[in-house]
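Student: Mind having a look at this structure? Questions to follow.
The values are calculated or read from the model by the stated rules, or taken from the named source; none is laboratory data. None of these values were measured; they are calculated from a predicted model. With ideal geometry, Cβ positions are generated from the backbone for all residues, glycine too; neighbour counts draw on all protein chains shown. Side chains included, ligands, DNA and RNA excluded: accessible areas come from the protein's heavy atoms. Shrake-Rupley method; radii C 1.70, N 1.55, O 1.52, S 1.80 Å.
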Amino acid sequence: MNHTHPLTQILRVITLAFACLISFLHTQAQPAINPEIMAKFWKASWISHPSASLTEYGVFHFRKSFSLDAKPVSFVIHVSADNRYRLFVNGTSVSVGPARGDINHWRYETVDIAPHLKSGTNVLAAVVWNFGNLRPGAQMSLKTAFILQGNAETEAVVNTNASWKVTKNDSITAMLADRKNFDYYPDVGPCDLVDGKTYPWGWQTSPFDDSAWLQPLLFEKGTPYGVGQGAAQSLVPRNIPAVEESLQRFVAVRRSQGVEAGREFLAGNSPLVIPPRTKARLLLDQSFETTAYPQLLVSGGRGGTVTLSYAEALVDKAGMKGNRNEVEGRELIGTSDCFLPDGGERRLFSTLWYRTYRYVDMTVETADQALTIHDLHGIFTAYPFKEIGSFASDDPVLSEIWNAGWRTARLCAFETYTDCPYCEQLQYVGDTRIQALISLAVSGDDRLMRNAIDLFDKSRIAEGLTQSRYPSACPQIINTFSLFWIDMVHDYWMHRDDPAFVGERLMGIRAVLDWFEKRIDPGTGMLGGLPHWTFVDWPDEWPWSASLHVGGQPKGAQEGGSSIVTLQLACSLNHAAELFKAFGKTDESEHYRNLAKSLCEATLKQCWDDKRRLVADTPSKTDFSQHANVMAVLSGALEKGKARDLIERVAQDASITQCTQYFRFYLLRSMKLAGLGDQYVSLLQPWRAMLARGLSTFAERPDPTRSDCHAWSASPNYEFLATVCGIEPSSPGFKTVRIEPHPGYLTRIEGTLPHPAGLISVRLQREGERIRGTITLPAALGGEFAWKGRTIPLHGGEQNVEL
């Protein structure tokens, strides 16, 4: 097949579309949906390939050519697929999806494609892939399929039906990493092996000849949720904005072999030529961890190979990561994509799914034809959070922690929150509760939090518990995470005035608490044995059990008698009591409050150790942890004076099981509740240590760690504003604010937190026991400022404070 000059120009346009247009397209407000789209059967059908397997791995292209008399002002469509799709209009990418949900709530995107249409012939083209049994753990699936529906009769010409065309792209196959190289094999889907010799170059564009493509197989009509007697996949509109996609270039070449590449190549200004019969290798350093689609633009090189390998960090001969900035004596072990050039001009290779990396190893082997690499860069992608909140102080390291924490939070948010971008990309309740608070504090965007609360509510099994992660192709139950889901609903209730949304969760909260209440041991008054996984934290003392296939469980967690889990239940009962009271359900509220009190009293009776003056993990009093005592404070089991004494000792006691990064969020919350918030900034050594080891994001747990980017470790971004600056809601819906700073050793703190009514700004200077500065609140917001037991009222607007 000959490749003409116009096609070369088109490919250049496609490259520019990724680099320049996507950010604009993906930040536009969603067009209005025709009410009939959500209330009636669609005229469009789900379509697929007529002979390929509908459940096995496959990459498919769909096309529809149509003509318009004039360029329209508006042309709204709704689009979805199983597993995933990317939609192009006249060669420009306009939509990526669908946003992850479950089979009964299958999302579709709504896009106005009018800016990309023209008078005359237009082409809609979609790549749809099904990773089959290799699909990510977070990806639910029914069968390979694609659907596109016009918003009204004007757009009906593009509805998916027999007029569309389809082909299976066998030039893309799954590229699997060697499992023996991983302590934990990434569960994010396969990489790509692309054979350029058979790839249908230009398939997205109008000049392409699709005469050999097939008529699609038609399935059922698109069915909105709740319409008719049921559907294979019930369609619901996307409820979050489109992900961000923006150009991101590598910072440095850290190692080279067989070729030299400098700044001009990294900047995309100077091509890199690999001579024939040459093996060349470059180690590229982004300088920070990122999530991005690699973009490789090449010419020539027929018969050669280009392999891109990705990792969060390099490892030494013992497989240890060490300092993430070091490359000497270290190698990259990770996942890889492979591209086999066909010799054509300006071939653009991009991956189906995004990759997570700090380092990229590019290995090139040429045959008889030289390969010209015009450009290699990434297209950063993540949920489009904006950094509106801010924090500054007289300790510059805290700003570094803020920046690394925000990067961590961003890379762990896509179409759902994700625990980690490299290993799993799954939305877990325990991670998500902390992530959601960070989102509210730094961006003010609550849409991904609402989506998470709703998804977990929909995940509940017949017993009443939520699933621990959702969406998930493989169901998993961590019973303690159902309690954290209740706490997350309470967090949302305190930060947003949204009674209708919160009220819909009461049934689910009741179901979770009923499950736990049935498992209280009448003999001890504490929780008895619990089925499923009773995860608490990842300290070394609670290792993974190969026989039970669980880990992070303290003694008593599974067999019964765990003070930690019993007191966690008491915490959630207290939150539920507040919620049910607010919705007029006083009898249930009182029941939950009394049950929490009973659990606290029973736990102290069974587990308090007079000799050590600590709450033991179980009534046997053989094991002690920070976790049990943290929960004793958070549950209100102790009076404030006793709670302060206890948690102050626990925070410094290295002889008991320590909280790792995840549970230190609760340790530091308990300290604040006990009146020790001023110690917060002095207890950030784990985060300082991660920065000293060259991490640009915060890890799942102390080294050795599988994940260098784990959002539960980004909690300082929330605490810098909520604890150090002291900005927190003092009534449900954030209708009033209490600002009680805890600067610790700091003498200057500044913070900005987005509130639904505007920005809350704090600029304070501490001088010994005195504090003074300026506080600015949204016009309609009032509250109080507290310092050392004294309070003064706050009003909307700017005001000076001094105490």
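Student: Counting only protein heavy atoms, what percent of the accessible surface of the stretch 107-161 is carbon or sulfur at a 1.4 Å probe?
Tutor: 49
Student: If only Cα atoms are counted, what is the Rg of the stretch 528-580, and what is its Dmax, in Å?
Tutor: Cα only, the stretch 528-580: 12.8, 41 Å (Rg, Dmax).
Student: Sticking with this one: Summarise the accessible area of the stretch 582-711 (1.4 Å probe, protein heavy atoms) by the percent that is carbon and sulfur.
Tutor: Details: 2580 of 5300 Å².
Answer for the stretch 582-711: carbon and sulfur cover 49 percent of the accessible area.
Student: While we're on this one: Using the heavy atoms of the protein chains and a 1.4 angstrom probe, tell me the accessible area per residue for the chain in square angstrom.
Tutor: I get 37 Å² per residue for the chain.
Student: Could you compute how fast the stretch 306-384 diffuses translationally, taking Rh as the Kirkwood radius over C-alpha pairs and applying Stokes-Einstein at 4 °C with viscosity 1.567 mPa s? Give it in µm² per second.
Tutor: Stokes-Einstein gives a translational diffusion coefficient of 89 µm²/s.
Student: Under 1.5 on a/c is rounded, so check that first for the stretch 417-476, then, if it is not, pick prolate when a/b is larger than b/c and oblate when it is not; a ≥ b ≥ c are the square roots of the alpha carbon gyration tensor eigenvalues.
Tutor: The shape class here is oblate.
Student: Looking at the stretch 669-758, which chymotrypsin sites (Phe, Trp or Tyr not before Pro) are DSSP coil and have at most 16 other C-beta atoms within 10 Å of their C-beta?
Tutor: For chymotrypsin sites (Phe, Trp or Tyr not before Pro) across the stretch 669-758 that sit outside H, G, I, E and B with at most 16 neighbouring Cβ atoms in 10 Å, the list reads TYR745.
Student: Could you work out how far the C-alpha centroid of the stretch 467-530 sits from that of the stretch 742-763, in angstrom?
Tutor: 32
Student: State the percentage of accessible surface on the stretch 303-383 attributable to carbon and sulfur atoms; use a 1.4 Å probe and exclude ligands, DNA and RNA.
Tutor: 46
Student: R0 = 25 Å: FRET efficiency of GLU541 with ALA473, Cβ-based, nearest 0.05? Don't skip to the end; give the middle numbers.
Tutor: Details: r = 32 Å, r/R0 = 1.27.
With R0 = 25 Å, the Cβ-Cβ based efficiency is 0.20.
Student: When averaged across all projection directions, what area in nm² does the alpha-carbon convex hull of the stretch 432-531 cover?
Tutor: For the stretch 432-531, averaging the hull's shadow over all directions gives 7.0 nm².
Student: Could you state the angle between the C-alpha long axis of helix 661-673 and the longest principal axis of the C-alpha atoms of the chain, as a value from 0 to 90 degrees rounded to the nearest 10?
Tutor: 40
Student: List the chymotrypsin sites (Phe, Trp or Tyr not before Pro) within the stretch 537-642 that DSSP assigns to loop and that have no more than 11 neighbouring Cβ atoms inside 10 Å.
Tutor: TRP544
Student: Give the distance, in whole Å, between the Cα centre of the stretch 595-621 and the Cα centre of the stretch 164-189.
Tutor: 51
Student: If you don't mind, another one. Please tell me the relative contact order of the stretch 630-777 in percent, rounded to the nearest whole number, where contacts are Cα pairs under 8 Å and at least six residues apart.
Tutor: 15
Student: Is there a pair in LYS581/LYS621; LYS64/LYS386; LYS165/LYS221 whose C-alpha atoms are over 25 Å apart, and which pairs would that be?
Tutor: Too far apart for the 25 Å limit: LYS581/LYS621; LYS64/LYS386.
Student: Could I ask something else about it? About the Cα centre, and with charges only on the beta carbon of Lys, Arg (+1) and Asp, Glu (-1), how big is the dipole of the chain? Nearest 20 debye, please.
Tutor: 360
Student: Taking every pair of alpha-carbon atoms in the stretch 121-248, give the share separated by more than 27 Å as a whole percent.
Tutor: Result for the distance tail: 37 percent.
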